[in-house]
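**Student:** This structure is in structure tokens; I'll ask about it shortly.
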Amino acid sequence: MSVLHTVNKSPFERNALESCLRLAKAGSSILLFEDGVIAAMQNTKFSERIAQAMHDFSFYVMGPDVKARGLGEDKLINGIQVVDYNGFVDLATEHDAVQSWL
Amino acid sequence: MSLEVNGQSFETDEEGYLANLNDWRPELADAMAEADGAELGENHWEVINFLRSYYEEYQIAPAVRVLTKAIGKKLGKDKGNSKYLYELFPYGPAKQACKYAGLPKPTGCV
Amino acid sequence: MENGEGVVKRFCYINRKAPYGTIYALESLEVVLIAAAFDQDISLVFVDDGVYQLTKGQDTESIGMKNFSKTYTALGDYDIKKVYVEKESLEERGLTADDLQALKYEDEDDDWAEKDSLFLVGRSELTEIINEQDVILSF
């Protein structure tokens with residue numbers, strides 16, 4: 001059973017990502033999109049936490065949401081894969097279930 | 001609502017503002033003016049073109065006070081005053097000129 | 001405070017949300033543009049995720065939303081000359097002043113000289129700025 005977890009809230013504002021990291025099973029995938037992309041950036045208060053979590057999870061980030069916020073794909077934490085909307089659909093179909101952390 | 005020009009139909013809101021910014025072309029401004037019983041001259045076009053480039057740069061239609069000041073700076077003090085602009089656009093320079101320019105109604109205009 | 005025509009109050013708009021994910025940033029901007037017509041003493045504050053509203057290089061084409069970040073650069077035309085960004089909020093997010101758009105206004109009384117309207121302020125200074133306001137609106 002493989003699960004894609006999606007997080008669309010900023011880690012500075014909500015604890016959705018925190019709950020996701022706490023409850024997701026190792027080996028799951030996590031897609032950060034909308035304001036959730038903030039968690040994918042280098043040098044934030046949360047970068048260390050994400051880098052740690054990368055031992056257990058595959059991280060993806062929605063490229064269009066990164067660009068919209070002017071954050072720059074060159075400033076993403078290394079190892080996070082950038083996807084677009086088609087990539088989102090592919091991820092959803094490749095996994096057995098999708099869990100949205102609203 | 002819609003505006004018919006040269007056999008083509010363009011969607012507008014209930015006040016006649018174009019629904020899609022990208023539909024705009026000079027003929028539409030002429031057609032809107034004609035419907036208001038006016039004819040556009042060079043002075044009108046100066047303002048309309050100014051509004052379009054302001055929108056392009058800032059993504060807003062400027063408030064009338066901002067428009068007046070900016071026109072004054074760009075085209076000279078004799079044009080940057082309400083009297084001049086209201087003579088060109090008696091329904092209100094921001095409202096009427098923005099409509100002809102294909103922009104949404106200025107923020108804060110009711 | 002009087003300006004001869006009426007009472008001028010100090011209005012402060014506090015922006016704490018990232019743009020696009022929620023409607024707060026755009027709503028705040030629209031309210032500010034409308035309120036600017038009333039000749040009040042306006043300050044904008046960007047704190048917490050609100051600092052993301054001012055990043056440069058925003059490109060919204062692929063999310064199909066209007067890029068309203070360009071509108072912040074028109075605030076000077078609306079006589080909004082005091083935009084405060086909290087330094088600590090930038091630091092927590094790995095951002096610096098270089099990641100933000102330049103915001104300027106033209107000083108009519110000084111031959112239209114361009115002057116900065118964006119100020120980085122520390123937390124304690126921001127506390128004082130907010131404490132001096134007559135009306136505070138939160139977004």
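The values are calculated or read from the model by the stated rules, or taken from the named source; none is laboratory data. On a predicted model such as this, the values are computed, not experimentally measured, just so you know. Neighbour counts are summed over all protein chains in view; Cβ atoms, including those assigned to glycine, are modelled from backbone coordinates with ideal geometry.
**Student:** What is the residue count in region B:60-107 for residues that are on the phi > 0 side of the Ramachandran plot and buried (at least 18 other Cβ atoms within 10 Å of the Cβ)?
**Tutor:** Final tally of qualifying residues: 1.
**Student:** Something else about it: Given C:Ser62, C:Ser69, which one is at the interface with chain A (Cβ under 10 Å from one of its Cβ atoms), surrounded by 21 or more Cβ atoms within 10 Å (Cβ to Cβ), more than 19 Å from C:Ser138 (Cβ to Cβ) and of a type in the set (Ser, Thr, Tyr)?
**Tutor:** None of the other options fit; the residue is C:Ser69.
**Student:** Looking at (1) modelled with pLDDT of 90 or more; (2) within 14 Å of chain C (Cβ to nearest Cβ), which is the only condition B:Gln96 fails?
**Tutor:** The single condition B:Gln96 does not satisfy is (2).
**Student:** If you take the residues in region C:1-49 that are part of a helix (DSSP H, G or I) and β-branched (Val, Ile, Thr), which one is modelled with the lowest pLDDT?
**Tutor:** Residue satisfying both the conditions and the ranking: C:Ile34.
**Student:** Of all residues in region C:77-89, which are within 11 Å of chain A (Cβ to nearest Cβ) and either surrounded by 20 or more Cβ atoms within 10 Å (Cβ to Cβ) or in a loop (DSSP other than H, G, I, E, B) (or both)?
**Tutor:** Within region C:77-89, just C:Ser89 meets the criteria.
**Student:** OK, next. Which is part of a loop (DSSP other than H, G, I, E, B), hydrophobic (A, V, I, L, M, F, W, C), closer than 30 Å to C:Gln101 by Cα and at pLDDT 90 or above, of B:Leu103, B:Leu67?
**Tutor:** B:Leu103
**Student:** Another one. Being modelled with pLDDT under 95 and either of a type in the set (Gly, Ala, Ser) or closer than 30 Å to B:Gly72 by Cβ (or both) is true for just one of C:Lys66, C:Lys70. Which residue is that?
**Tutor:** Of C:Lys66, C:Lys70, the one residue that is modelled with pLDDT under 95 and either of a type in the set (Gly, Ala, Ser) or closer than 30 Å to B:Gly72 by Cβ (or both) is C:Lys66.
**Student:** Evaluate the following for A:Leu102: is it aliphatic (A, V, I, L, M) and modelled with pLDDT under 95?
**Tutor:** It is true that A:Leu102 is aliphatic (A, V, I, L, M) and modelled with pLDDT under 95.
**Student:** Now a separate question. Among the listed residues C:Asp39, C:Asp99, C:Asp111, identify the single one that is within 11 Å of chain A (Cβ to nearest Cβ) and either more than 30 Å from A:Met41 (Cα to Cα) or of a type in the set (Asp, Glu) (or both).
**Tutor:** Just one listed residue meets the conditions, C:Asp99.
**Student:** Can you tell me how many residues in region A:73-86 are part of a loop (DSSP other than H, G, I, E, B) and over 14 Å from A:Phe33 (Cα atoms)?
**Tutor:** 3
**Student:** Now, a different point. Can you report the number of residues in region B:17-42 which are closer than 15 Å to B:Met1 by Cβ and either of a type in the set (Gly, Ala, Ser) or surrounded by fewer than 13 Cβ atoms within 10 Å (Cβ to Cβ) (or both)?
**Tutor:** Of the residues in region B:17-42, 4 are closer than 15 Å to B:Met1 by Cβ and either of a type in the set (Gly, Ala, Ser) or surrounded by fewer than 13 Cβ atoms within 10 Å (Cβ to Cβ) (or both).
**Student:** Turning to a different aspect of this structure: Go through region A:45-60 and give me each residue that's loosely packed, with under 14 Cβ neighbours inside 10 Å and either touching a Gly at 6+ places or on another chain (Cβ under 9 Å) or in a strand (DSSP E or B) (or both).
**Tutor:** Correct list: A:Lys45, A:Asp56.
**Student:** So which of A:Ser19, A:Ser10, A:Ser2 is among the hydroxyl-bearing types (Ser, Thr, Tyr), more than 9 Å from chain C (Cβ to nearest Cβ) and under 29 Å from C:Val47 (Cα atoms)?
**Tutor:** The conditions single out A:Ser19.
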